[in-house]
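Novice: Input: one structure, supplied below.
Laboratory data are not the source of any read-out in this text; all were calculated from the coordinates shown. The structure presented is a predicted model; accordingly, all values stated were derived computationally and were not measured. Every residue, glycine as well, gets a Cβ built from its backbone with ideal geometry; the counts of neighbours run over all protein chains shown.
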Amino acid sequence: MKFQFKEDGKRIVVICLAAVVMAVNIKSFVHTGGLYPGGATGLALLIQRAAELFFHISVPYTVVNLILNAIPVYIGFKHIGKKFTLYSCLMIVLTSILTDMIPGYVITYDTLLISIFGGIINGCVISLCLAMNATTGGTDFIAIFLSEKKGIDSWNVVLGFNVIILAAAGILFGWNKALYSIIFQYASTQVLHGLYKKYQQQTLFVVTNRAKEVYKAIAEISNHGATIIEGEGSYEHRERKVVYSVVSRAESKPIIRAIKEADPHAFINVMKTEQVSGRFYQKPNE
C-alpha cells in the first residue's frame, strides 16, 4: 500500500467531508424522524433505542457501530482490498464519533420530507465514498463483495436485507416509523443505483469498417476484450464488421467518445446488461 500524496490526500479530505455530512444527516433527519435507515447504521440505532426503552441504558452510537462493523471490515480486508478497507474504517470511525459529538439541528418535523430528503442525502454520501474507493461500512462491504463475486449489481439485494431489519423495528417500536424508514432506504438505494455505476454493465454493438481500431479504443480504456463479427450492410450490401463488447456502465461514455475518434462513421448501439456469466474484468479495489 503506497501512499500517493495528491490522490490519497484528496480521498482523505473527501471522506472527512462525507463523514460530516453523514453525521449531520443522522442527527438532523434520522433522529428527528425517529427512522431506522437500514444497514449497520439502522441496526446501531435500533440497538440504542431498544437499550434505552427496555433496559434504561444509554449506549454510545460509536461503540455499537464499531462493533457491528467488525465482521464487514474483516470481509473487506480479506476479500475486497486493504487500502479500500482502511479508508472505509476512517469513514466509519469519523461518522461514529461525529454522530455522538454533533448537536442535532431540526430542519423539519415532517416525517415524509425527512424520509425522502434524508434518504437522498444518505445515497449521495454513500456514492461519494464509493467514488473515492471507500465505503460507509456495514452492508456496503457485503454489497461490494457480492457484486465482485457474482458479477451483479447487488444493491437491491441489500435493500431487501434492510427491509428485514426494519421489520424488526416495526415489531418493537411500531410500524409507522418502520414504514417511513423503508421510504428513506428506497430513496437512498435509488440515488446510489443512479450515481454509482461500477457494477452495472452495458453491451456495445458497434458497426464499423475499422474493427481493430474500435477494439483498441475499448481495450485501452476498459481493459475489456471484444468479439468481431462479420456482417453486411443491408442497404448498400457492403461488408461490415460488428464489434461486440460488454463494459462497465461507468466507462461507457469515455469508450463511446474513443470509438467515435477511431471511426467517426461508426454506428453504436448501447444496451443494458442484466447479468454477465463468465470472465468479466473488474478493476480491483486497492
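Novice: Give me the log10 of I(q) over I(0) for the stretch 5-195 at q = 0.09, 0.13, 0.15, 0.18 Å⁻¹, as the Debye formula computes it from C-alpha points; what are the numbers?
Specialist: -0.29, -0.63, -0.85, -1.26
Novice: When only C-alpha pairs under 8 Å and at least 6 residues apart count, what is the relative contact order of the chain, in percent?
Specialist: Computed value for the chain: 21 percent relative contact order.
Novice: Past the 18 Å Cα-Cα mark, which pairs from 216/260; 212/241; 6/216; 82/253; 6/78?
Specialist: Over 18 Å Cα-Cα: 6/216; 82/253; 6/78.
Novice: Roughly how big is the chain's charge dipole about its Cα centre, with Cβ charges of +1 (Lys, Arg) and -1 (Asp, Glu), in debye to the nearest 20?
Specialist: Dipole magnitude for the chain comes out near 460 debye.
Novice: Give me the distance in nm between label points sitting 7 Å out from Cα along the Cα-to-Cβ direction at residue 93 and residue 172, one decimal.
Specialist: 2.7
Novice: Which is farthest toward the positive dipole end of the chain among 129, 266, 211, measuring Cα position about the Cα centre, with Cβ charges +1 (Lys, Arg) and -1 (Asp, Glu)?
Specialist: Working it through, the farthest residue towards the positive pole turns out to be 211.
Novice: At residue 209 and residue 82, where each label point lies 7 Å from the Cα along Cα→Cβ, what is the point-to-point distance in nanometres?
Specialist: 5.3
Novice: Using the Cα gyration tensor of the stretch 201-273, with a ≥ b ≥ c the square roots of its eigenvalues, what is the shape: rounded (a/c below 1.5), prolate (a/b larger than b/c) or oblate (neither)?
Specialist: It comes out prolate by the Cα gyration axes.
Novice: Report the gain in length on full extension from residue 131 to residue 109: 0.36 nm times residue separation, minus Cα-Cα distance, nm rounded to one decimal.
Specialist: Going from the current span to full extension adds 4.7 nm.
Novice: How much FRET efficiency would the formula 1/(1 + (r/R0)^6) give for residue 238 and residue 267, where r is the Cβ-Cβ distance and R0 is 22 Å, rounded to 0.05?
Specialist: Efficiency, rounded to the nearest 0.05: 0.95.
Novice: Roughly how tilted is helix 252-262, in degrees to the nearest 10 and between 0 and 90, from the longest Cα axis of the chain?
Specialist: So the inclination is approximately 20 degrees.
Novice: Please find the FRET efficiency linking residue 253 to residue 161, where r is the Cβ-Cβ separation and R0 is fixed at 30 Å, and quote it to the nearest 0.05.
Specialist: With a Förster radius of 30 Å, E is 0.45.
Novice: Just report the Cα centroid separation between the stretch 60-112 and the stretch 187-216, whole Å.
Specialist: The distance from the Cα centre of the stretch 60-112 to that of the stretch 187-216 comes to 31 Å.
Novice: Can you give the angle from 0 to 90° between the axis of helix 82-101 and the longest principal axis of the chain, with both taken from C-alpha atoms, to the nearest 10?
Specialist: On a 0 to 90 degree scale, this one is about 30.
Novice: Shifting gears a bit: Any chance you could give the angle, 0 to 90 degrees and rounded to 10, that helix 155-173 forms with the longest Cα principal axis of the chain?
Specialist: 20
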